[in-house]
Amino acid sequence: MAAIVWLVAGILLAAAEMLTGDFTLLMLGTAALATAGVSGLANTSVLVDAIVFGVSSLALMLVVRPVLLRRFGSPPPTPTNADALPGKTAHVLERVNEHTGRVKIGGEVWSARPLNAGEEYAEGETVQVMKIDGAHAVVWKGP
């Protein structure tokens, strides 16, 4: 009978994890399921069940949960502002060479210089933003 109680508790805790997403209830639910297995196989007393639940909960919370949080806990950072510009295309507004130049990237005008010092891009060409170096977009037309 105790095994069924632990089984139901484990399932309910694991299902409740969907509401929180911090892996705490999942660890407790897994510990309850492990306790249900031990209780069902060995027909243990409530005291032994409580010890099994406590030890398995502690082990899961200290060992497994940190690994899961590192892997799934935070989404990858989304590049914003100047960090989001590399890889985008730019339209050359003023001739770009190693000393001067302006490009338009997504509606914003940036000072620009070529990736390779000897290159030059004429007005109207489309280039790729390779990186942002201070207030300059470093651009490249490609092969």
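Within region 3-21, restricting attention to residues that are within 33 Å of the chain's Cα centre (by Cα) and open to solvent by less than 40 Å² (accessible area, probe 1.4 Å), which residue is farthest from L69 (Cα to Cα)? Among those residues, the one meeting the criterion is A9.
Is it true that some residue in region 39-49 is more than 30 Å from D133 (Cα to Cα) and buried (at least 18 other Cβ atoms within 10 Å of the Cβ)? Checked against the condition, which is being more than 30 Å from D133 (Cα to Cα) and buried (at least 18 other Cβ atoms within 10 Å of the Cβ), region 39-49 yields at least one hit. In the set T24, T35, only one residue is more than 30 Å from D133 (Cβ to Cβ), open to solvent by less than 60 Å² (accessible area, probe 1.4 Å), over 25 Å from the mean Cα position of the chain (by Cα) and not assigned by the TED database to the domain that holds E120; that residue is T35.
From G118, G142, G124, G107, which residue is at positive phi and either out of contact with any strand residue (DSSP E or B) (no Cβ under 9 Å at 6 or more places or on another chain) or surrounded by 15 or more Cβ atoms within 10 Å (Cβ to Cβ) (or both)? Matching residue, one of G118, G142, G124, G107: G107. Is it true that A2 is out of contact with any Lys or Arg (no Cβ under 6 Å at 6 or more places or on another chain) and either modelled with pLDDT under 90 or not assigned by the TED database to the domain that holds L68 (or both)? Yes. Whenever a residue of region 65-88 is in contact (Cβ under 8 Å) with a residue 12 or more places away in the chain and closer than 17 Å to E17 by Cα, its partners that are open to solvent by less than 100 Å² (accessible area, probe 1.4 Å) and outside any helix (DSSP H, G or I), lying with C-beta atoms within less than 6 angstrom and at least six residues away or across chains, give the pairs R65/F23; L68/F23.
Can you work out which of the residues in region 54-94 that are within 17 Å of V129 (Cβ to Cβ) and assigned to a loop (DSSP other than H, G, I, E, B) is most open to solvent (accessible area, probe 1.4 Å)? If we take residues in region 54-94 being within 17 Å of V129 (Cβ to Cβ) and assigned to a loop (DSSP other than H, G, I, E, B), then K88 is most open to solvent (accessible area, probe 1.4 Å).
The values are calculated or read from the model by the stated rules, or taken from the named source; none is laboratory data. None of the values given here were measured: they were computed from a predicted structure. Here the Cβ is made from the backbone with ideal geometry for all residues, glycine too, and neighbour counts use every protein chain on show. Quick note on the areas: whole protein, heavy atoms, side chains included, nothing else; ligands and nucleic acids left out. Shrake-Rupley method; radii C 1.70, N 1.55, O 1.52, S 1.80 Å.
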